[in-house]
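Student: I have a structure I would like to understand better, so I am pasting it below and will then ask my questions one at a time.
The values are calculated or read from the model by the stated rules, or taken from the named source; none is laboratory data. Keep in mind that this is a model prediction, so the values were computed, not measured. Counting neighbours? That spans all protein chains shown, and the Cβs are built from the backbone with ideal geometry, glycine included. Note: areas computed on protein heavy atoms with side chains; ligands, DNA, RNA excluded. Shrake-Rupley method; radii C 1.70, N 1.55, O 1.52, S 1.80 Å.
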Amino acid sequence: MLKGIAASSGIAIAKVYKLEVPTMNITDAKVEDVAAEVEKFKAAMAKTIADIEGIKERATKAGKLSAEEIAVFDAHLMMAQDPMLADEIVNMIQAEGVNAGYATQEVANGMVVMFESMDSDYFRERAADVKDVTFRLKANVLGVVVPDLGAITEDSVVVAHDLTPSDTAQLNEFAKGFATAIGGRTSHSAIMARSLEIPAVVGCTGILEEAKHGDTIVLDAIKGNVILNPTAEEVATYEKAKQEYLEYRAALKVLKDQPSITTDGHQVELVGNIGTPKDADGVLENGGEGVGLYRTEFLYMDSQVLPSEEEQYVAYKAVLEKMGNRPVVVRTLDIGGDKKLPYLPIDEEMNPFLGYRAIRLCLDQKPIFRTQLRALLRASAFGKLRIMFPMIATVKEFRDAKAVYEEERAKLIAEGIAVGDDVQVGMMVEIPAAAVLADQFAKIADFFSIGTNDLIQYSMAADRMSEKVSYLYQPYNPSILRLIKMTIDGAHKEGKWCGMCGEMAGEPNAVAILLGLGLDEFSMSASSILAARKIVRSMNKAEMEELAAKALACDTAEEVLELVKGATK
Ligand code: PEP
Ligand code: MG
């Protein structure tokens, strides 16, 4: 048995299809006829473009990928058609007289190194796209055949070092799942697997060495385990587990349009966290009742310069229009900490998570903040917008941020530009000081959204990036539950609503306690929504209130978890 990371839930039992990368022997040999070599390269480039177009066409016809995933191929086509790439390779052939394969390899490596050395995860992941396109290009230059996943004709689990976006798009109905040696939950292959809804285990070290083509394999992508050549008994166990999982998923789909209501009639909102406008599709497909957190920093991180008011307006409007009359909570720029912008240098700090970030930066660099607020306000005419400020620590910060909002709103109105008339302006509660003073904040904020990812790290004084202290990430610790309770009670006292958009909101065991504490809105990754709805619909609010009261009186997180498990199984 090998261990990896469960990237896309499910179980598959099939034969191993080992995707072996063809070897390409490239030397720096010089060529006699430079012009002929340039022609050879150009033909290979034309074939590469045709190949990508073919894969895109096949993927579009198969209808399994979303518009955004199909757009990956457009990005690849753009890369392949970019004259800069071709010119650089041609120049190298001409200037150094080297063969086309070598020139392609050198230029490609340079580009990959450039992308991989960037600070942002987004750009580092784009290196995979460069590799994908230039790998195909090199193969065509050398006349090497690239393996064709689309030609699999037997139920298989694809085993590979990694799967590129074009590999994943070629997977047909015989591909029952995949296991890769590298990758994490946010790698391209993991994201693709989730949208294709096939089980996948990534970061499975040793899989390439251990698995042989044709071996029987059990892929347990619920726990992140891979079993090679299982016994008959193991096969039977996993067949049963697979059946149970499929029944569970099918049962969940039934809940897509059902209300999120407890057995005693208490209704809550189950909404989704998104990073891009496209993610809103997943929220709707999974029965989300709105967006509870739009992390706008991705818009800034995906850009080479500060995104313009117009660019931001288009993105915010797209989300609001997609969500129709459902609420959309947009968080203003939360940069700093582990999220950096290459074009916005921030001085090195000893403790960046305690430093110059989020609302602190926005209040210091107001033009950036004003541009975002204007874009948001203009978009507010197209839906049900709620704006929230991240990392609010003091009442003054909230007042100052709200004042900038009011100024921009007044300016737009004076300019005759339409803005929504029911925009709510609230705040994240993710700093303990804000939780403790929630009753005061609730007088001036329209709503709260509890960011447990940060609230826990600041309460426990435990860096959320450090593995060594990760044991202190304790959502069930009574200290955290009490801060959550103070926040919810503070909001309710002033007739305001309180949500949660940290990871805790989507944890099945947390739903019961949060319901009991009176949380109004739960915001989570789209794929968790239906499971949370099932839990809510099976619960009695009054009983959960009793459970929450007991949890608040516990000493440890372990005791709380035991209590919840005992009460909800
Ligand atoms: C949080 O802190 O809980 C949160 C939702 O924000 P982020 O994870 O983006 O810091
Ligand atoms: Mg946060």
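Student: Of everything in region 427-480 that's part of a helix (DSSP H, G or I), among the aromatic types (Phe, Trp, Tyr) and under 23 Å from Met350 (Cα atoms), which residue is nearest to ligand 2 (Cβ to nearest atom)?
Tutor: Tyr458
Student: Could you grab me the full set of residues in region 264-316 that are touching an Asp or Glu at 6+ places or on another chain (Cβ under 9 Å), closer than 16 Å to Leu333 by Cα and of a type in the set (Gly, Ala, Ser)?
Tutor: Correct list: Gly275, Gly292, Ser303.
Student: Restricting attention to region 506-549, which residues are over 30 Å from Leu284 (Cβ atoms) and surrounded by fewer than 17 Cβ atoms within 10 Å (Cβ to Cβ)?
Tutor: Correct list: Ala542, Glu545, Glu546, Ala549.
Student: Would you point out which residue out of Glu20, Glu39 is out of contact with any strand residue (DSSP E or B) (no Cβ under 7 Å at 6 or more places or on another chain), at pLDDT 90 or above and open to solvent by 40 Å² or more (accessible area, probe 1.4 Å)?
Tutor: Unique residue meeting the criteria: Glu39.
Student: State all residues of region 398-411 that are within 16 Å of ligand 2 (Cβ to nearest atom) and free of Cβ contacts under 8 Å to residues at least 40 places away in the same chain; if no residue qualifies, say none.
Tutor: None; the set is empty.
Student: Another one. Could you please find all residues in region 401-424 being assigned to a helix (DSSP H, G or I) and either of a type in the set (A, V, I, L, M) or surrounded by fewer than 17 Cβ atoms within 10 Å (Cβ to Cβ) (or both)?
Tutor: Ala401, Ala403, Val404, Glu406, Glu407, Ala410, Lys411, Leu412, Ile413, Ala414
Student: A follow-up question, please. Condition (residue is in contact with a Ser or Thr (Cβ under 8 Å, 6 or more places away or on another chain), open to solvent by 40 Å² or more (accessible area, probe 1.4 Å) and closer than 22 Å to Glu20 by Cα) applied to region 127-134: is it met by at least one residue?
Tutor: Checked region 127-134: at least one residue is in contact with a Ser or Thr (Cβ under 8 Å, 6 or more places away or on another chain), open to solvent by 40 Å² or more (accessible area, probe 1.4 Å) and closer than 22 Å to Glu20 by Cα.
Student: Just to be sure I understand the filter: pairs with C-beta atoms under 7 Å, separated by 6 or more residues or on different chains, first member in region 412-432 and assigned by TED's automatic domain parsing to the domain that holds Glu397 and modelled with pLDDT of 95 or more, second member within 16 Å of ligand 2 (Cβ to nearest atom) and of a type in the set (D, E, K, R). Which pairs pass?
Tutor: From region 412-432, the pairs are Met428/Arg331; Glu430/Asp454.
Student: Something else: When the residues of region 168-192 are filtered to those that are in a helix (DSSP H, G or I) and under 15 Å from Glu125 (Cβ atoms), which remaining residue is modelled with the highest pLDDT?
Tutor: Only one residue tops the list, namely Thr168.
Student: Evaluate the following for Leu341: is it more than 16 Å from ligand 2 (Cβ to nearest atom), in a loop (DSSP other than H, G, I, E, B) and either surrounded by 17 or more Cβ atoms within 10 Å (Cβ to Cβ) or in the same structural domain as Met118 (by TED's automatic domain parsing) (or both)?
Tutor: Yes, satisfied.
Student: Touching a helix residue (DSSP H, G or I) at 6+ places or on another chain (Cβ under 8 Å) and within 16 Å of ligand 1 (Cβ to nearest atom): which single residue out of Gly337, Gly287 fits that description?
Tutor: From the options Gly337, Gly287, the qualifying one is Gly337.
Student: Is it fair to say Arg360 is within 16 Å of ligand 2 (Cβ to nearest atom) and either on the phi < 0 side of the Ramachandran plot or open to solvent by 10 Å² or more (accessible area, probe 1.4 Å) (or both)?
Tutor: yes
Student: Going by the conditions given, is Ile222 assigned to a loop (DSSP other than H, G, I, E, B) and either farther than 30 Å from Ala542 by Cβ or of a type in the set (D, E, K, R) (or both)?
Tutor: Here the answer is yes, as Ile222 does meet what is asked.
Student: Out of all the residues in region 363-377, which are surrounded by fewer than 21 Cβ atoms within 10 Å (Cβ to Cβ), among the aliphatic types (A, V, I, L, M) and touching a residue at least 60 places away in the same chain (Cβ under 8 Å)?
Tutor: Ile368, the sole residue that qualifies.
Student: Only one residue in Leu437, Leu455, Leu483 is open to solvent by 10 Å² or more (accessible area, probe 1.4 Å), in the same structural domain as Val329 (by TED's automatic domain parsing), within 16 Å of ligand 1 (Cβ to nearest atom) and not charged (D, E, K, R), so which one is that?
Tutor: Just one listed residue meets the conditions, Leu483.
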